[in-house]
C-alpha cells in the first residue's frame, strides 16, 4: 500500500499545530494556577471596558482600563486586554472592584481571582 505524499504533509502539519495548541493551553492554565496560588493579592477598579471584536472559545476579549491597588504601593493605571467568560463580561462595568493576583516578577501580569474566573479556567 502506497501512501500519497499530498496527504502526509498536511496531516503532519495538522498534528503539529494541534499539539502546539494543546501545549500552549496547558502552559497557560499552569501559569494561571501558579499565580492564583502564589501571586500577590491586589484589587483593580474598572475605569472602562470595551469589546475588541476578538472572541476566543465564544468568550469576548475586552480592552480594560483599570486602576490597580496593591498593598504598600501607590495606585497605578493599567491598560490590558483580557478574554473574559461571556457570562462575566457584564460584571466589568466602570466602578467595579475585582480581586486579582499579580505576578511578583512582572507587575503588569495578573489573573482575576474571582469565582467566575477560577471556574472558567477549569481550576477548583
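FYI, it's all coordinate maths here, none of it is from the lab. Quantities reported herein were computed from a predicted structural model and do not represent experimental measurements. Using ideal geometry, Cβ is built from the backbone for each residue, glycine included, and neighbour counts are taken over all protein chains shown.
Worth a mention:
- Per-pair calculated FRET efficiency, R0 = 25 Å: residue 22 and residue 79 via Cβ, rounded to 0.05: 0.25
- Spin-label pair residue 41-residue 13: with each label point 7 Å from Cα along the Cα-Cβ axis, the two points sit 5.0 nm from one another.
- The range 5-121: projected area of the alpha-carbon convex hull, averaged over directions, in nm²: 8.8 nm²
- Against the chain, whose longest principal axis is taken from its Cα atoms, helix 5-38 shows a tilt of about 20°.
- Relative intensity of the range 55-124 on a log10 scale, I(q)/I(0) at q = 0.21 Å⁻¹, equals -1.01, per a Debye sum over C-alpha point scatterers of equal strength in the absence of solvent.
- Cα-projected label distance for residue 58 with residue 97, points at 7 Å along beta-carbon direction, nm: 3.4 nm
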